[in-house]
Amino acid sequence: MIDFILSENVFNKDNIPWNGNRFLIGNGYFGIRGTLEEYTKENMCAVNMAGIYDRAGDAWRETVNAPNPLYTYVKVNGKKYALPENEPVSHEQTLDFENGLHSRKTVWQTENGKITVKCERFASMSRRHLIAMRYTFSSDFECDAEIITGIDGDVWDINGPHFVKLNSGSDYAVNYITGITGEKNISVTARDSVKLNFDAECSVDIGEKTVCRHIVFKAEPQKEYSIEKIAEITTSEDDFEPKGDITEITYQELKAEHIAEWARIWDISKITIDGDDEAMYALNYSIYHLNCIAPREMKSKSIAARGLSGQVYKGAVFWDTEMFMIDYYIHTEPEIAKTLLQYRIDTLNGARKKAKEYGLKGAYYAWESQEGGYEGCSDYNVTDVFTKRPMRTHFRDKQYHVSAAIVYGLMKYINATGDYDILNEGAIEMVIECSEFYRSLLIKKADKPYYEIHDVVGPDEYHERVNNNAYTNRMAKFVFDTALELIEKYPSDQYDGLKTMLKDSSENIFIRKPNDSGIIEQFDGYFKLEDVSVDEVRSRLIDPKEYWGGAYGVAADTQVIKQADVVAMLSMFKDDYTSEIMAKNLEYYEPRTEHGSSLSACMYSLLSCYTKNTEIAYPMFMKSAKADLVKGGKEWAGLVYIGGTHPAAAGGAWIVAAKGFAGITEDDGKLICKPNLPEKWNGMNFKIMCQNKLYAVQIIGGNASVTEL
Ligand code: IFM
């Protein structure tokens, strides 16, 4: 069995932002970036809070980072030693993702000898308000040592500052800083309590933005001096209370509970792959991230596109959740999937408001959804690299497919869990209003017998304001059909008139057919665009950060697309098409796809599994599973920083493993497994939930067994 350990054994300053993402720990309530204890906002340090938003001035609204209670550094004989300022002799940063433990060990050479700092920390999975840290100092010479540890209220923000007021204090046993946000007066409090295993002189220093303990002691050579900190984060918006008193809980007991909770989670979510350690490692690393950001214990919360790795994409919820992430939760801890859907049900008013804003009916969900369904996306969502001016983009107003993704996610949930109760808890209304929204988009030309949808942005965002995007039209039809099906199943007088309208919409919406060569044109006129390679388009960039789409982006007049669009549609509606058609489209679109979004690769992989194209399936799966393990993902859209973790890619990797390679499907509530493993995989083992039952799936070569547990 391989170890689930990620480590870096040299210090590389350039990796600080990336390490912040890949070494992340989290528990759904917050995410703690994989930065080091001495880091401050300059090094993108963050305890990123789930679902707490603020607007500072006119800037974009985004999630809030809590005061950082891990802030710690060391002084030896009066001199501070810290990264990245002081070059170390050796440095190791590790994430044990089996147990959710982050650790580091750094050795510095001082004038008198070597000093070593070790630290282990975790975001408690058993008591989600808590963070624990054990920080250890040692030296190979006698010295005057000082550990400075406290709470740093001067937090990293992209569009901040969000705390208009910081209240701090100490009763010595517990120090605290409370930040108050400007827009809604939300309080975010960090408290810490520290225990020592040695004698020292301790004092507390309450600064303007920090509260720090100074622990001063004489260090003997080769002796380890450890402090143990238990910190607590709370907000005025909390759904659940902290458990226990941080002055009483010990590091060891909290660690034991935390590890036991991770063991419980892994027991149901681990996937074993026989014959391919690299794939098994990457896939379970993806699953680790999905577990770090799952809103457990929380009510009506969803997951941001960059998880809990920071404020990128405004900490907002995208279609990523229902299209790419929800499958994993549906099949491991369905109550999490329900929480995600509850968020959409509870933000229906926001979606109604947005539809109205555009003169449309029903529910038009936010492209970048924040609390209450507030649309976080602006009309100028990319900054032009040349003019440095905000560019008019149409993500906000034209990416109509978001509402359909939510209905699609809901139906995946209902079909796999049999939880029809959710329909009475607001979901049926949500579906109906989404169908009314799509109905209000339909256009009929005088000379055409069918309905069209014009002026849209499909999943491939590089081509804006196109007509009859194949994906969007098919998704609209799916929503009409779903609404009809539900109305028929749950008849109610109020829906009588709607039935005819939905039937008409579903039967008459234009669904593009494959052309003579078997290819489905992505939108009206797509085939007339310049047919040129991705590399050629890339070579036309003047600046590497330039945005490829929009009004005059390098891809806009070409057939080069950002991400799976027709291919996404085919993999979602695979029963509508022959294997030959799917294969032809895969071959056509893949070379024309930049895969500029981390959402792309898994869709190509999945369709490749369905068409038995092993050449694409495996590398695209690995691309998805390794999205956060490999350096060099897209970090800029124009001048907007878009780095962070990629939970949609992680979820996509899970979908490919379970539904593509293992070939899991359901037939009338029965779980079926028809494996189609990559060449080097000898077998797979995993558990999966279906219709409220837990199954063990064991695949050896081409044979599979599914056992109810
Ligand atoms: O939702 C995606 C979109 O499809 C492509 N750009 C990034 C978004 C967030 O992941």
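The values are calculated or read from the model by the stated rules, or taken from the named source; none is laboratory data. Fair warning: this is a prediction, and the values are worked out from it, not measured in the lab. Heads up, the Cβs are rebuilt from the backbone with ideal geometry, glycines too, and the neighbour counts pull from every protein chain shown. For accessibility, only protein heavy atoms count, side chains too; no ligands or nucleic acids. Shrake-Rupley method; radii C 1.70, N 1.55, O 1.52, S 1.80 Å.
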Task: Matching option when the condition is in contact (Cβ under 8 Å) with a residue 12 or more places away in the chain and within 16 Å of the ligand (Cβ to nearest atom), among Ser608, Ser624 - done: Ser624
TODO: Answer with yes or no whether Asp667 is open to solvent by 10 Å² or more (accessible area, probe 1.4 Å) and either away from the ligand (no atom under 16 Å from the Cβ) or farther than 16 Å from Ala279 by Cα (or both).
DONE: yes
TODO: Select from the range 1-39 the residues that are in a loop (DSSP other than H, G, I, E, B), out of contact with any helix residue (DSSP H, G or I) (no Cβ under 8 Å at 6 or more places or on another chain) and within 15 Å of Gly307 (Cβ to Cβ) and list them in ascending order.
DONE: Phe23, Tyr29
Open item on the list: Exactly one of these conditions fails for Lys545: (1) under 30 Å from Lys388 (Cβ atoms); (2) surrounded by fewer than 20 Cβ atoms within 10 Å (Cβ to Cβ); (3) more than 16 Å from the ligand (Cβ to nearest atom); (4) not aliphatic (A, V, I, L, M). Give me its number.
Closed with: (3)
Open item on the list: Quick check on the range 291-306: of everything there that is more than 10 Å from the ligand (Cβ to nearest atom) and touching a Gly at 6+ places or on another chain (Cβ under 6 Å), which residue is most open to solvent (accessible area, probe 1.4 Å)?
Closed with: Lys301
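Tell me, which residue of the range 523-539 that is assigned to a helix (DSSP H, G or I) and either in contact (Cβ under 8 Å) with a residue 60 or more places away in the chain or aromatic (Phe, Trp, Tyr) (or both) is least open to solvent (accessible area, probe 1.4 Å)?
So the residue we want is Tyr526.
How many residues does the range 452-497 contain that are among the acidic types (Asp, Glu), touching a residue at least 12 places away in the same chain (Cβ under 8 Å) and over 30 Å from Val560 (Cβ atoms)?
So the count comes out to 1.
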Task: Qualifying positions in the range 20-45 - under 16 Å from the mean Cα position of the chain (by Cα) and either among the hydrophobic types (A, V, I, L, M, F, W, C) or farther than 20 Å from Gly160 by Cβ (or both) - done: Arg22, Phe23, Leu24, Ile25, Gly26, Asn27, Gly28, Tyr29, Phe30, Ile32, Gly34
Task: Filter result (basic (Lys, Arg) and assigned to a loop (DSSP other than H, G, I, E, B)) within the range 594-636 - done: Lys612, Lys626, Lys631, Lys634
Open item on the list: Against the conditions (1) within 16 Å of the ligand (Cβ to nearest atom); (2) assigned to a loop (DSSP other than H, G, I, E, B), where does Glu679 fall short? Just the number, please.
Closed with: (1)
Task: All positions within the range 64-93 that are over 29 Å from Asp205 (Cα atoms), open to solvent by less than 20 Å² (accessible area, probe 1.4 Å) and of a type in the set (Val, Ile, Thr) - done: none
- [ ] Scan the range 124-176 for residues that are touching a residue at least 12 places away in the same chain (Cβ under 8 Å), open to solvent by 10 Å² or more (accessible area, probe 1.4 Å), not in a strand (DSSP E or B) and not β-branched (Val, Ile, Thr) and report the count.
- [x] 14
TODO: Name the single residue, out of those in the range 412-438 being of a type in the set (Phe, Trp, Tyr) and either within 16 Å of the ligand (Cβ to nearest atom) or touching a residue at least 40 places away in the same chain (Cβ under 8 Å) (or both), that is surrounded by the fewest Cβ atoms within 10 Å (Cβ to Cβ).
DONE: Tyr413
Open item on the list: Looking at the range 439-480 only, could you name the residues that are within 16 Å of the ligand (Cβ to nearest atom) and in a loop (DSSP other than H, G, I, E, B)?
Closed with: Val457, Gly458, Pro459, Asp460, Glu461, Tyr462, His463, Glu464, Asn469
- [ ] Being under 21 Å from Glu546 (Cβ atoms) and touching a helix residue (DSSP H, G or I) at 6+ places or on another chain (Cβ under 7 Å) is the filter; apply it to the range 632-650 and report the residue that is nearest to the ligand (Cβ to nearest atom).
- [x] Ile642
Task: Positions within the range 216-262 being free of Cβ contacts under 8 Å to residues at least 24 places away in the same chain and either in contact with a Ser or Thr (Cβ under 7 Å, 6 or more places away or on another chain) or in a helix (DSSP H, G or I) (or both), in sequence order - done: Gln252, Glu253, Ala256
Task: Count of residues meeting criterion [touching a His at 6+ places or on another chain (Cβ under 9 Å) and in a loop (DSSP other than H, G, I, E, B)] in the range 637-668 - done: 2
Task: Residue in the range 85-92 that is of a type in the set (S, T, N, Q) and in a strand (DSSP E or B) present - done: yes
Open item on the list: Residues that are more than 16 Å from the ligand (Cβ to nearest atom) and small (Gly, Ala, Ser): list the helices (runs of 4 or more DSSP H) wholly contained in the range 315-375 that include at least 2 such residues.
Closed with: 348-357
- [ ] Of all residues in the range 492-542, count the ones that are at pLDDT below 95 and among the hydroxyl-bearing types (Ser, Thr, Tyr).
- [x] 3
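Of the residues Leu484, Leu502, Leu529, Leu570, only one is within 29 Å of the chain's Cα centre (by Cα) and more than 16 Å from the ligand (Cβ to nearest atom); which?
None of the others qualify; the one that does is Leu570.
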Open item on the list: It is to be established whether one or more residues within the range 559-569 are acidic (Asp, Glu) and touching a strand residue (DSSP E or B) at 6+ places or on another chain (Cβ under 9 Å).
Closed with: yes
Task: In the range 397-411, the residues that are in contact (Cβ under 8 Å) with a residue 40 or more places away in the chain, within 16 Å of Lys361 (Cα to Cα) and not β-branched (Val, Ile, Thr) - done: Lys398, Gln399, Tyr400, His401, Ser403, Ala404
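Inspect all residues belonging to the range 152-165 and state whether any of them is more than 23 Å from Gln311 (Cα to Cα) and not polar (S, T, N, Q).
First pass over the range 152-165, keeping only residues more than 23 Å from Gln311 (Cα to Cα): none.
No, because not a single residue in the range 152-165 is more than 23 Å from Gln311 (Cα to Cα) and not polar (S, T, N, Q).
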- [ ] Return a yes/no flag: does the range 689-707 have any residue that is β-branched (Val, Ile, Thr), over 15 Å from Ala568 (Cα atoms), assigned to a loop (DSSP other than H, G, I, E, B) and touching a strand residue (DSSP E or B) at 6+ places or on another chain (Cβ under 7 Å).
- [x] no
- [ ] Check Leu70 against each of (1) closer than 23 Å to Ser193 by Cα; (2) assigned to a strand (DSSP E or B) and name the one condition it does not meet.
- [x] (2)
TODO: Within the range 92-124, track down each residue that is closer than 18 Å to Glu224 by Cα and touching a Leu at 6+ places or on another chain (Cβ under 7 Å).
DONE: Arg104, Thr106, Glu120, Arg121
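Rundown of residues vs (1) farther than 23 Å from Pro459 by Cβ; (2) of a type outside the set (Gly, Ala, Ser); (3) under 9 Å from the mean Cα position of the chain (by Cα), yes/no style:
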residue: Leu283; (1), (2), (3): yes, yes, no
residue: Ser286; (1), (2), (3): no, no, no
residue: His289; (1), (2), (3): no, yes, yes
residue: Cys292; (1), (2), (3): yes, yes, no
residue: Pro295; (1), (2), (3): yes, yes, no
residue: Lys301; (1), (2), (3): yes, yes, no
residue: Arg306; (1), (2), (3): no, yes, yes
residue: Lys314; (1), (2), (3): no, yes, no
residue: Phe318; (1), (2), (3): no, yes, no
